[in-house]
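Each remark here refers to the structure printed beneath this line.
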Amino acid sequence: MHPGSPVSTNADDLVVISANLWHDWPRHRDLPDRLEAFADLVQESGAQVVLLQEVLRTTDFQADRWLADRLGMAYAYARANGHAGTIGFEEGSAVLSAFPLLSVQQITLQPSSSRFVSRIALGAQLSLPCCELWAFSTHLSLMRSHNRPQVQALQRWIGQICRGSSALIGGDFNADEKSAGIQQARREWVDTYRSIHPEGEAPTHSLRWPWGGLIRRERLDYVFLQRRDPRWQVLETHHIQTPERPYSDHDAVVTRLRYRPSSS
């Protein structure tokens, strides 16, 4: 963890972006260009909190540290799979923040499909000008039989850490909107995108054949709000991709919130 320093801002709005960076192991195609394009996207969106999945680390490069340096943010990282020191590659989740990080927690979510594949969540407590807020990044299983229990485990864990306070939860949930896992998530958390856009298709990931034909398009990426404090309001949410060359095979989710203090 690199805790960072206080930022000089009195802005009422908080912008968070959640993105699967697509490590593309073992080829890592166009990685420098993709990371640079994503960094530009973060700056253009005005995001102060960045929740990342499939964050690549090798023996001589760390995508989380590169982005944190590029954006001037504090950061925390947790490894999910692989091991850079042993096999030269690993990937995990990260939280980047324009605000100081007060505390960091991580968990390996169960059940797991094998001892070689882990699904994790990483949380960081942020010191905002208005208050303290937890932000979590997670990447869940493709297997339906594991996905919902992992959501349940994630909700229990976040509930224990936050102890009734509000939190942001972003990630690649590897589950569409009609899945049991997402329905479980919505029972406790606000789906920020659907709170603004209740109707219409909203895919964030497209699966294609090698020759380019479309297999399916799904919404897999979400930003949820655990709203324990009603002063947190969702103002805007949208899905976004870098315009010229995709930074990833997933679209990012950008959510703008506002903390409305009680009038004295």
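The values are calculated or read from the model by the stated rules, or taken from the named source; none is laboratory data. These figures come from a predicted structure and were not determined experimentally. Note: ideal-geometry Cβ built from the backbone for every residue, glycine included; neighbour counts use all protein chains shown.
Of the conditions (1) farther than 15 Å from L51 by Cβ; (2) out of contact with any Gly (no Cβ under 7 Å at 6 or more places or on another chain); (3) among the β-branched types (V, I, T); (4) surrounded by 23 or more Cβ atoms within 10 Å (Cβ to Cβ), T192 satisfies every one except a single condition; which number is it?
The single condition T192 does not satisfy is (1).
Out of segment 113-124, which residues are under 18 Å from Q53 (Cα atoms) and not in a loop (DSSP other than H, G, I, E, B)?
Result: V117, I120, A121, L122, G123, A124.
Against the condition under 17 Å from the mean Cα position of the chain (by Cα) and either modelled with pLDDT of 95 or more or not acidic (D, E) (or both), how does A167 come out, does it pass?
So A167 passes the test.
Taking only segment 221-240 into account, find how many residues are more than 16 Å from G200 (Cβ to Cβ) and either without any contact (Cβ under 8 Å) to a residue 60 or more places away in the chain or among the hydroxyl-bearing types (S, T, Y) (or both).
So the answer is 6.
Name the one entry in A202, A185, A175 that is surrounded by 14 or more Cβ atoms within 10 Å (Cβ to Cβ), assigned to a loop (DSSP other than H, G, I, E, B) and touching a Phe, Trp or Tyr at 6+ places or on another chain (Cβ under 7 Å).
A202
How many residues does segment 91-123 contain that are farther than 25 Å from A39 by Cα and surrounded by fewer than 16 Cβ atoms within 10 Å (Cβ to Cβ)?
Count: 9.
Among (1) hydrophobic (A, V, I, L, M, F, W, C); (2) under 28 Å from R27 (Cα atoms); (3) out of contact with any strand residue (DSSP E or B) (no Cβ under 8 Å at 6 or more places or on another chain), where does F116 come up short?
So F116 meets the others, but not (3).
Among Q48, Q62, which is at pLDDT 95 or above and surrounded by fewer than 22 Cβ atoms within 10 Å (Cβ to Cβ)?
Checking each option against the conditions leaves just Q62.
For segment 219-229, does any single residue satisfy the condition of being of a type outside the set (S, T, Y) and on the phi > 0 side of the Ramachandran plot?
No: segment 219-229 contains no residue that is of a type outside the set (S, T, Y) and on the phi > 0 side of the Ramachandran plot.
In this structure, is S103 of a type outside the set (F, W, Y), within 24 Å of S166 (Cα to Cα) and in contact (Cβ under 8 Å) with a residue 60 or more places away in the chain?
no
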